[in-house]
Amino acid sequence: MTLINENYLKLKAGYLFPEIARRVNSYIDSNPGTEIIKLGIGDVTEPLTPAVVTAFHEGVREMGEPKTFRGYGPGQGYDFLKKLIAEYDFKKRGVDIRPGEIYVSDGAKCDTGNMQEIFAVNNKIAIGDPVYPVYLDTNVMAGRSGVCQENGTYENIIYMPCTENNNFIPELPQQPADIIYLCFPNNPTGSVASRQALKEWVDYARQQRAVILFDAAYEAFITDKEIPHSIYEVEGAKECAVEFRSLSKTAGFTGTRLAYTVVPDKVKAYDTAGKEHSLAGLWQRRQNTKFNGVSYPVQKAAAACFSDQGQKEITERLQYYLTNAALIKEELTKAGHKVYGGINAPYLWMKTPDGQSSWQFFDTLLHQVGVVGTPGAGFGCSGEGYFRFSAFGSREKIQEAMERITAAGI
Ligand code: MLT
């Protein structure tokens with residue numbers, strides 16, 4: 001008899017975004033002809049930029065010729081790409097990361113989800129609440145939580161509420177945490193962390209001998225010069241933090257797939273005898289066993305992002321989405337709503353009106369004006385009473401969504 005991993009049975013509901021898609025599709029089925037505007041899942045709508053497309057073609061052309069054809073590449077990514085990442089994403093910001101500390105992959109979602117595998121099952125996990133569901137769900141699947149309680153939280157997980165009172169920045173936990181997930185600019189609240197806030201976390205982690213898993217997938221949306229893009233801009237972080245980056249939102253790669261994770265040589269964790277081990281060694285071992293790297297043309301396309309022309313083109317795309325975010329913020333605020341985020345981030349976090357629950361408001365928007373967003377409660381208990389709008393979309397559609405909301409007096 002085959003037994004299942006019963007930890008999966010602890011998971012509360014389906015993964016958030018497919019669940020939203022299911023509800024939207026069922027609404028469309030019963031209301032054919034309704035024109036829906038989707039500001040739910042953060043998925044880019046602008047095409048790859050010209051520099052990226054040219055390099056992508058070149059990569060494909062090389063694969064079609066005997067002299068330049070390549071088979072398996074290095075599992076951690078080609079050096080030509082890692083060198084460019086080290087230079088453009090770190091050196092230019094005064095951070096020294098070696099190309100060898102960079103692990104190229106096909107997504108920050110997989111990397112943030114897979115990273116927990118190299119840690120013991122009895123580590124105590126701390127997550128923000130609300131949170132990107134991947135951090136929590138993958139730890140539940142691995143058996144690091146107890147059951148899901150009536151209020152929607154899991155036993156044995158440290159939740160760090162992110163509310164209006166703390167500007168949606170988690171406070172240090174009251175009980176010791178071994179693995180801390182942080183995400184800035186934050187998904188879903190759009191909050192950003194100051195250097196000082198990150199320093200407190202780095203100091204805490206070093207003192208606890210804990211590891212910070214820092215998701216910086218949205219760093220490219222930071223325009224405020226004072227806000228750090230990388231946790232490694234904070235002293236000591238290279239001893240305690242792993243950082244996740246992605247080209248998905250930065251360069252429109254959600255359908256092309258390229259991300260990378262930085263595991264500095266100095267980050268250590270311990271065995272039960274107290275002996276120190278390098279996380280990089282374990283991560284490399286894990287990846288070598290389960291992953292064969294990203295395709296050559298995709299890495300070639302990604303490398304084009306790290307050129308002066310590529311950066312210029314990408315910045316224009318980012319600016320387009322940031323202008324969308326500003327428009328959503330302005331219109332919703334004018335309509336009398338309280339809206340957070342959306343300045344150094346592509347997400348806006350709105351308080352639901354008239355005490356509606358997040359899912360009630362989801363239905364109100366869908367049924368009354370055909371606009372889809374993401375209910376805050378889908379990101380955790382502290383997300384209840386909030387709603388997330390994504391700024392990824394065409395300007396026309398976003399304008400229309402705001403007009404529909406305003407005209408309906410929502
Ligand atoms: C989101 O909408 O939160 C993101 O698109 C999810 C993701 O990047 O996996």
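Before moving on, here are some points about what is shown:
- Residues (touching a strand residue (DSSP E or B) at 6+ places or on another chain (Cβ under 6 Å) and either among the β-branched types (Val, Ile, Thr) or at positive phi (or both)) located in the stretch 324-365: Ile328, Thr333, Val339, Gly341, Gly342, Thr352
- Among (1) of a type in the set (A, V, I, L, M, F, W, C); (2) assigned to a helix (DSSP H, G or I); (3) within 16 Å of the ligand (Cβ to nearest atom), the one test that Phe253 misses: (2)
- Within the stretch 174-181, one or more residues are surrounded by 15 or more Cβ atoms within 10 Å (Cβ to Cβ) and within 14 Å of the chain's Cα centre (by Cα).
Here's the yes/no breakdown for (1) free of Cβ contacts under 8 Å to residues at least 60 places away in the same chain; (2) among the aromatic types (Phe, Trp, Tyr); (3) loosely packed, with under 15 Cβ neighbours inside 10 Å:
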residue: Asn7; (1), (2), (3): no, no, no
residue: Asn25; (1), (2), (3): yes, no, yes
residue: Pro32; (1), (2), (3): yes, no, yes
residue: Ile37; (1), (2), (3): no, no, no
residue: Gly42; (1), (2), (3): no, no, no
residue: Ala55; (1), (2), (3): no, no, no
residue: Gln76; (1), (2), (3): no, no, no
residue: Tyr88; (1), (2), (3): no, yes, no
residue: Ile97; (1), (2), (3): no, no, no
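- Selected residue (criterion: farthest from the chain's Cα centre (by Cα)) from residues of the stretch 256-285 that are in a loop (DSSP other than H, G, I, E, B) and within 16 Å of the ligand (Cβ to nearest atom): Thr256
- Of the residues making up the stretch 156-173, just one is more than 21 Å from Ala237 (Cα to Cα), β-branched (Val, Ile, Thr) and open to solvent by 20 Å² or more (accessible area, probe 1.4 Å), namely Thr163.
- Residue, most open to solvent (accessible area, probe 1.4 Å), within the stretch 121-140, restricted to residues that are more than 16 Å from the ligand (Cβ to nearest atom) and in contact with a Lys or Arg (Cβ under 9 Å, 6 or more places away or on another chain): Asn122
- Single residue of the stretch 355-387 satisfying the filter (open to solvent by less than 50 Å² (accessible area, probe 1.4 Å) and either outside the structural domain of Glu19 (by TED's automatic domain parsing) or aromatic (Phe, Trp, Tyr) (or both)) that is farthest from the ligand (Cβ to nearest atom): Phe361
- Scanning the stretch 229-250 for residues that are in a loop (DSSP other than H, G, I, E, B), more than 16 Å from the ligand (Cβ to nearest atom) and either touching a residue at least 40 places away in the same chain (Cβ under 8 Å) or hydrophobic (A, V, I, L, M, F, W, C) (or both) returns His229, Ser230, Val234, Cys240.
- Residue-level analysis places Ile405 outside the set of residues that are assigned to a helix (DSSP H, G or I) and within 16 Å of the ligand (Cβ to nearest atom).
- Residue among Ile85, Ile28, Ile4, Ile20 that alone is assigned to a loop (DSSP other than H, G, I, E, B) and either over 24 Å from His229 (Cβ atoms) or in the same structural domain as Lys290 (by TED's automatic domain parsing) (or both): Ile4
- Selection status of Ser390, more than 15 Å from the ligand (Cβ to nearest atom), crowded, with 21+ Cβ neighbours inside 10 Å and in contact (Cβ under 8 Å) with a residue 60 or more places away in the chain: no
The values are calculated or read from the model by the stated rules, or taken from the named source; none is laboratory data. Since the model is a prediction, treat every value here as computed from it, not as a measurement. All Cβ positions, even for glycine, are placed from backbone atoms using ideal geometry, and neighbour counts span all protein chains on display. Accessible surface is based on the protein model in full, side chains and every heavy atom, while ligands, DNA and RNA are left aside. Shrake-Rupley method; radii C 1.70, N 1.55, O 1.52, S 1.80 Å.
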